[in-house]
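The values are calculated or read from the model by the stated rules, or taken from the named source; none is laboratory data. As the structure is a prediction and not an experimental result, all values here were calculated from the model. As a convention, Cβ positions derive from the backbone with ideal geometry for all residues, glycine included, and neighbour counts pool all protein chains shown. Side chains are part of the model used for accessible areas, which takes the heavy atoms of the whole protein and leaves out ligands, DNA and RNA. Shrake-Rupley method; radii C 1.70, N 1.55, O 1.52, S 1.80 Å.
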Amino acid sequence: MFNWLKNRRRKQITAQPFPDEWHKTIMERMPYVAALPDSLQNELFDFIQIFLAEKNVEGCTGFAITDEIRVIIACQACILLLNRPTSMYRKLRTVLVYESLYFAEQETYNEGGLVSLSHQTRAGESWDLGVVILVWEEVLRGYRHQHDGYNVVIHEFAHQLDQENKAADGLPFLDNPDMYARWQEVFSEHYARLLRDVKRGRKTVLDDYGATNPAEFFAVASESFFEESIKLKKRHPDLYAVLQEYYQQDPAQYWDDARM
Ligand SMILES: [Zn+2]
């Protein structure tokens, strides 16, 4: 019953015309969307309408949220959901947006179980209790440079996908159960390889931060998949192939076609 109501409501939301201003913002600012096939673009516009109707986007410490900010965040978050079954980030209720880097308290467990508190600057966070936190200046940095492999929205929403099946362990729910074995094999091999490369100071396509733990590896690999697609496909074809099957998109192909 609940699903039926929700689906009916979503149909009403997507029956509304997609605002021209939103369309203009997206097409001007998001080259990846312009490169997508028409069918995926249309699905994306529907998803953005649903996302913005169902989730709150709130400014922190007095930061004023505009329609442009809401649309840019929703657009990048929804790119991760295209072309496959989606629950539209079912746990997520609120996206909190800071204007610039903020400090967060970090608890560290030392040897012997002692807890120490430190303050760290953060560009974003994803909680499994329905909250994503983003820093607007970092969001801007992420989409202005489309091929640097840095995108805080893709990063934090990949964590949301990972957190949907409880553990944040770098293994999200996979639509095709046959994929689990291959995912484990390819991800553990590439995670181990990144750990070795970081230790030896070798430059890789994947950002060093991915060596923090398997959850960060999945978030960082997702950023590279959408932003450094052609490079990732060339250097790590098996990792690209698993992500392509998961995300049901072929960004290397779309970027390549868009350059012609
Ligand atoms: Zn992370």
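Which of the peptides 224-232, 6-14 is most tightly packed, and how do the rest follow, judged by the mean count of other Cβ atoms within 10 Å per residue?
224-232, 6-14
Sorting 153-161, 141-149 by average packing, meaning the other beta carbons within 10 Å per residue, from highest down gives 153-161, 141-149.
Here the chain is treated with +1 on each Lys and Arg Cβ and -1 on each Asp and Glu Cβ, and its dipole about the Cα centre works out to around 300 debye. Sorting Trp4, Trp22 on solvent-accessible area from highest to lowest, probe radius 1.4 Å, gives Trp4, Trp22.
Solvent exposure of the stretch 2-259 amounts to 51 Å² per residue of accessible area, where only protein heavy atoms count and the probe is 1.4 Å.
With the gyration tensor restricted to C-alpha atoms of the chain, the semi-axes of the equivalent ellipsoid amount to 28, 24, 19 Å, longest first. Here's the list of lysines a cross-link from Lys199 could span, going by alpha-carbon distance under 30 Å and ignoring same-chain residues fewer than 8 apart: Lys231, Lys233, Lys234. Available extension along the chain between Glu245 and Ile13 is 80.6 nm, counting 0.36 nm per residue and deducting the alpha carbon span. Dividing the summed -39500 (n - 2.57) terms of all DSSP H runs of n ≥ 4 by the residue count of the chain sets its mean residue ellipticity at 222 nm at -17000 deg cm²/dmol. Surface composition of the chain: carbon and sulfur atoms hold 51% of the protein heavy-atom accessible area at a 1.4 Å probe. Using a cutoff of 8 angstrom between alpha carbon atoms and counting only pairs six or more residues apart, the relative contact order for the chain works out to 16 percent. Separation of the stretch 206-229 from the stretch 138-192 is 7 Å, based on Cα centroids. Basic side chains Lys and Arg get +1 at the Cβ, acidic Asp and Glu get -1 at the Cβ, and with that the dipole of the stretch 118-260 about its Cα centre reaches some 700 debye.
Sequence-ordered 3J(HN,Hα) estimates for the stretch 120-131 from the Karplus curve with 6.51, -1.76 and 1.60 and θ = phi - 60° stand at 10, 7, 10, 9, x, 8, 10, 9, 7, 9, x, 10 Hz, glycine and proline given as x. In order along the stretch 41-51, phi translates into HN-Hα couplings of 4, 5, 5, 4, 4, 4, 4, 4, 4, 5, 3 Hz, rounded to whole numbers, per the Karplus curve 6.51 cos²θ - 1.76 cosθ + 1.60 with θ = phi - 60° and x for Gly and Pro.
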